[in-house]
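Right, one structure below, let's go through it.
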Amino acid sequence: MNIEAVVKNYDLSKLNIVTIASHSSLQILRGAKRLGLGTIAVAKPGSGWFYRRFSFIDKVIEVDLGNMEHLAGGLVKENSILIPHGSYVEYVGWRRALNMPIPTFGNRYLIEWEANQKKKMKLLEYAGIPIPKSFNDPTQVDRPVIVKLSGAKGGRGYFIAKNANELASKLSSISMEDDYIIQEYVIGVPAYYHYFDSKVYNRVELFGMDLRYESNVDGRSFNLAEPTFVVVGNIPVVLRESLLPTVQKYGEDFSKAVAELVPPGMIGPYSLESIIRDDLTIVVFEFSGRIVAGTNVYMGVGSPYSVLYFDEPMDMGERIAHEIVNAAKRGKLINILT
Ligand code: AMP
């Protein structure tokens, strides 16, 4: 699809924001409506009723997401911009997301990097950001490790091992065809950073941060269950101010690496996910190249960091809409779409 040609025909006074009804869609669509944009939610069959409860959503379309491509022509006629999020990637898969014939906010090519654990770590390493040590050979493991199966979602399908012996016995129970990485288990507290790379203002904004609420590591398991990392919610957090320059630097370093390796570079929201050790060093084990659900903790109130840029609280949904509206005004809409 020639996005540039499609967007040239768009009526900029009638833009619609479309997203899959899940993940951070309430925040995205509420923000879009507040900034004067039209809003469309694409819901899985049976889940539309919940989204029809909200007046800021103009239209709810229920469709089997296996057929989402069939909606594309109609959505393009309605001057639509698709906002990708974690559930979109999960439901349609990265291959279909790459080819979805709808102008998409952000850099859709990053979705492929994000889907592959090895490519993901390569990009972080290229950025020069500290990452956990990886082990190719399980017998070389000399510390606690976490094993991540490719395609594991939201922490499901991970397991930890205290040492090489425990690892060997746990690995023997998984299929040899499974693709996985063995990573140092970093001891410390988690912190997940929300950034926004603005093409309108040419800057990386540190827009917020959160913690994840994960079962069973955060549950009342009293050592009765194996640790699991299934995300069930998110919790707001702020950091010691002395850590912020490092967090900002890693965000900017990541954006530079994406500019070099994944054209057209970082656009809009992204996240780095880290563990902070007790010596206050930060180790990044993951990124998301699109809005993360942890931004939902600031829906309607804005994160404490957002006031540093706009002197008023803004949530990530509003921030995305602000970028789209202002890029359109400046004739830069094509610069924020792929
Ligand atoms: P992820 O799905 O990659 O975001 O990871 C799920 C959870 O596993 C994270 O929220 C962390 O709590 C934990 N985790 C992942 N990788 C590491 C690591 N290398 N060291 C410590 N904890 C980790």
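At-a-glance table
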read-out: Cα lying deepest toward the dipole's positive end in the stretch 225-338, options Gly300, Leu243, Gly265, charges on Cβ; value: Gly265
read-out: Placed amide H near Glu62: partners under 5 Å, 5+ positions off or other chain; value: Ala43
read-out: Distant-in-sequence amide H partners of Tyr213 (H built 1.01 Å from N, under 5 Å); value: Val232, Gly233, Asn234, Ile235
read-out: Extension gain (nm, one decimal) between Val189 and Ala225, 0.36 nm per residue minus Cα-Cα; value: 10.9 nm
read-out: Alpha carbon convex hull of the stretch 232-338, projected area averaged over orientations, nm²; value: 8.1 nm²
read-out: The chain - charge dipole about Cα centre, Lys and Arg +1 at Cβ, Asp and Glu -1, debye rounded to 20; value: 780 debye
read-out: In the stretch 165-270, the trypsin sites (Lys or Arg not before Pro) that fall in loop regions by DSSP, at most 12 other Cβ within 10 Å; value: Arg220, Arg240
read-out: Crossing angle, helix 316-329 versus the chain [Cα axis fit, 0-90 degrees, rounded to tens]; value: 40 degrees
read-out: Computed over the chain: relative contact order in percent, which uses C-alpha pairs under 8 Å that are six or more apart; value: 21 percent
read-out: Local electrostatic count at Asp11 - Lys and Arg +1, Asp and Glu -1, tallied over other residues with Cβ under 12 Å; value: +2
read-out: Point-to-point label distance, Tyr213-Lys122, nm (Cα→Cβ direction, 7 Å offset); value: 3.8 nm
read-out: For q = 0.12, 0.14, 0.24, 0.25 Å⁻¹, Debye-computed log10 I/I(0) when each Cα of the stretch 95-191 counts as one equal scatterer; value: -0.48, -0.63, -1.36, -1.42
read-out: Residues whose placed amide H lies under 5 Å from that of Phe285, excluding near-sequence neighbours; value: Glu273, Ser274, Ile275
read-out: Neighbour cut-off at most 12 other Cβ (10 Å), DSSP loop, trypsin sites (Lys or Arg not before Pro), the stretch 1-110; value: Arg53
read-out: Net charge contributed by nearby residues that have their C-beta within less than 13 Å of Glu62 (K/R +1, D/E -1); value: +2
read-out: Net charge dipole size for the stretch 220-338 [Lys, Arg +1 and Asp, Glu -1 on Cβ; Debye, nearest 20]; value: 320 debye
read-out: Per residue convex hull volume, Cα atoms of the chain, in Å³; value: 147 Å³
read-out: Mean shadow area of the stretch 16-90, taken as a quarter of the surface of its Cα convex hull (nm²); value: 4.4 nm²
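Readers should treat all values here as calculations from the given coordinates under stated rules, not as data from a laboratory. These numbers come from a predicted model, not from an experiment. Note that each Cβ is placed from the backbone with ideal geometry, even for glycine, and that neighbours are counted across all protein chains shown.
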